[in-house]
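First the structure, in the form of structure tokens, and then the observations on it.
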Amino acid sequence: VVVALDKEEDPTPVALVKAVLALPVKQQGLTLDTLYELDDRMCVAAVREVLMQSQFNAPHLWRYTKSILKRSMLRHDFRTFGWLQHLIEVRGQTTKGAVATVKSGYDGKERSVLIFGRPTQAFLKRAVWRYLRKLGRWRPEGYALAAAEAIVSYHPSNARLAREFFGAWASAYVLHRVIWGQSTRFTYDARSVRFRFKSVKAVEVPSQVREEPFPELWDQKPLAYLRLLVAGRLSEVHRFAHGGLQRHPWIIEKASNEEVQGMLEAPYAPTVELALAELGKRFDPNKPDWALLGKLLEDQRPLARELGLRWVKLTSHLWTRELAQTLAFLESKTPEVRLLASSMVVAAMPGASA
């Protein structure tokens, strides 16, 4: 890997990923483990990318993947911890593991072992929650931040088919523990590592009831909710974050412009509306963000497009003087934008008012 990088004038995570993937599989695991140990931003990014592209649950790679997860906990690297635990859980939905002959870490003898089997998957799920629970008790300042990272990566595609009293997220162990861990609506089936509703009525979400463990720790670090609003891809996660926003409405003011723009991609309408309202407050018609304006005009959601059209009117004193921006609006794929731009250009022409 070092030799490969020496040939690069400006090493990047992409070059590092390419160098690691070029190694024999038996060497990739130890290399990833070593790179993560370096605690360098580029190395960590490369480790994550390699794990995304590889069969990390396969023999010779899994033991090192598990090592990286454990050390992300020891290092309190919440981003890597949350991302990797979710990746492991999702991979477990499609495999029951594989039997392979590997050397024992105790006596060095070769044995046939089930790699990444169901028992291992269940153990890791519980270990992740055990880590979060210990943070809540002994390092409370880190709990909300770590818990947010643990659930921010969940995606609608991770849902399982709902059956009887088992909902779509019954098997999402960590998600369940973080958001609904204190709920009285569920019962835990330790054998299947799943949660089930206690009754038909329990399906309904109660109002004004906090179901998450350590609610006081979320209130101590409410910016963790902002992380969920910006990067969350699950409506249940956004609904949970909005509960925190109601108690701490000031957190939206702490979001950067890039973070607010990121909220426009949210799969939850209230979050999109919140982002649009905040962008409206921050908008400066004398110093507009043309890229953001273009993004709003192409958005299929009426609220976003209406805001964009309003900004087109407010900035007409600027863009009607710039040929490139004028043409961009006149050649827009959206009929409403072309019509509005045409009328604004005509109105800006000399003698138009006459």
- Query: Given charges of +1 on the Cβ of Lys and Arg and -1 on the Cβ of Asp and Glu, with all other atoms neutral, how large is the dipole of region 43-142 about its Cα centre, in debye to the nearest 20?
  - Reply: 400 debye
- Query: Hey, got a sec? Which chymotrypsin sites (Phe, Trp or Tyr not before Pro) in region 40-127 land in a DSSP loop and have at most 11 other Cβ atoms within 10 Å?
  - Reply: Tyr106
- Report the relative contact order of region 30-174, percent, no decimals, based on alpha-carbon pairs under 8 angstrom and at least 6 residues apart. 21 percent
- Give a residue-ordered list of calculated ³J(HN,Hα) values for region 195-212 (Karplus: 6.51 cos²θ - 1.76 cosθ + 1.60, θ = phi - 60°; whole Hz; x for Gly, Pro). 10, 10, 5, 6, 7, 5, 5, 5, 5, 5, 7, x, 8, 6, 10, 8, 9, 7
- Query: Tell me which aspartates and glutamates have Cα within less than 18 Å of Lys295's Cα, excluding those fewer than 8 residues away on the same chain?
  - Reply: Glu258, Glu259, Glu265, Glu273, Glu278, Asp284, Glu306, Glu331, Glu336
- Message: Counting only protein heavy atoms and a 1.4 Å probe, tell me what percentage of region 80-237's accessible area is made up of carbon and sulfur.
- Response: 52 percent
- Dividing the mean separation of Cα pairs under 8 Å (6+ apart) by the residue count of region 198-354 yields a relative contact order in percent of 13 percent
- Query: For volume of the Cα convex hull per residue in Å³, the choices are (i) 161; (ii) 178; (iii) 194; which was calculated from the structure?
  - Reply: (iii)
- Query: How big, in percent, is the set of alpha carbon pairs in region 223-321 lying more than 20 Å apart?
  - Reply: 37 percent
- Applying the gyration tensor rule to the Cα atoms of region 54-113 (axes a ≥ b ≥ c; rounded if a/c under 1.5, else prolate if a/b exceeds b/c, else oblate), the class is oblate
- Message: So, for the chain, what is the accessible surface per residue at a probe of 1.4 Å, expressed in square angstrom?
- Response: 55 Å²
- Diffing region 72-88: the Karplus 3J(HN,Hα) column from phi (6.51, -1.76, 1.60, θ = phi - 60°), in whole Hz with x for Gly and Pro, holds 5, 5, 4, 7, 6, 8, 5, 4, 5, 4, x, 5, 6, 5, 5, 4, 5
- Per-residue HN-Hα couplings for region 244-249 [Karplus 6.51, -1.76, 1.60; θ = phi - 60°; Hz; x = Gly/Pro]: x, 5, 5, 7, 9, x
- region 276-337: relative contact order as a whole-number percent, Cα under 8 Å and 6+ apart: 31 percent
- Item | Stokes-Einstein translational diffusion, region 239-293 - Kirkwood Rh over all Cα pairs, 0.692 mPa s, 37 °C, in µm²/s | 276 µm²/s
- Stretched fully, the stretch from Gln220 through Lys198 gains (0.36 nm per residue minus C-alpha distance, one decimal, in nm) 4.8 nm
- Note on the structure: With a ≥ b ≥ c from the Cα gyration tensor eigenvalues, square-rooted, and the rule rounded for a/c under 1.5, otherwise prolate when a/b > b/c and oblate otherwise, region 158-214 is oblate
- Note on the structure: Cross-link reach from Lys221 to aspartates and glutamates, straight Cα distance under 12 Å and at least 8 residues apart if same chain, gives Glu141
- Message: If I compute solvent accessible area with a 1.4 Å probe over the protein chains, what percent of it on region 248-291 is carbon and sulfur?
- Response: 50 percent
- Message: If each residue of separation counts as 0.36 nm, what is the full-extension length gain between Arg79 and Arg301 once their alpha-carbon separation is subtracted?
- Response: 76.8 nm
- Task: With only Lys, Arg, Asp and Glu charged, each at its Cβ (+1 for the first two, -1 for the last two), find how big the charge dipole of region 284-354 is about the Cα centre; round to the nearest 20 debye.
- Result: 80 debye
- Per residue, how big is the convex hull around the C-alpha atoms of region 45-89? Give it to me in cubic angstrom, could you? 63 Å³
- Task: Could you name the aspartates and glutamates whose alpha carbon sits less than 16 Å from that of Lys109, not counting residues in the same chain fewer than 8 places away?
- Result: none
- Dividing the convex hull volume of the alpha carbon atoms of region 1-156 by its residue count, what do you get in Å³ per residue? 131 Å³
- Could you tell me which of rounded, prolate or oblate describes region 178-256, using a ≥ b ≥ c as the square roots of the eigenvalues of the alpha-carbon gyration tensor, with rounded for a/c under 1.5 and, failing that, prolate when a/b is larger than b/c and oblate otherwise? prolate
- Item | Amide H partners (placed H, <5 Å) of Ile115, local residues excluded | Ala98, Val99, Ala100
- Query: Hey, what number do you get for the chain at 222 nm if only DSSP H runs of n ≥ 4 count, each worth -39500 (n - 2.57), divided across all residues, to the nearest 500?
  - Reply: -17500 deg cm²/dmol
- If Lys and Arg each add +1 and Asp and Glu each add -1, what is the summed charge of the other residues whose beta carbon sits under 14 Å from the beta carbon of Ser104? +2
- Task: Distance from a point 7 Å along Cα→Cβ of Ala347 to each backbone N in region 289-319: keep the residues under 15 Å and list them by number.
- Result: 309-319
- Query: In Å, what Rg and Dmax follow from the Cα atoms of region 302-354?
  - Reply: 11.0, 35
- Can you send over the carbon and sulfur percentage of the accessible area for region 295-354, probe radius 1.4 Å, protein chains only? 60 percent
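The values are calculated or read from the model by the stated rules, or taken from the named source; none is laboratory data. Not measured: the values here are computed from a predicted model. Every residue, glycine among them, receives a Cβ derived from its backbone with ideal geometry; neighbour counts consider all protein chains shown. Quick note on the areas: whole protein, heavy atoms, side chains included, nothing else; ligands and nucleic acids left out. Shrake-Rupley method; radii C 1.70, N 1.55, O 1.52, S 1.80 Å.
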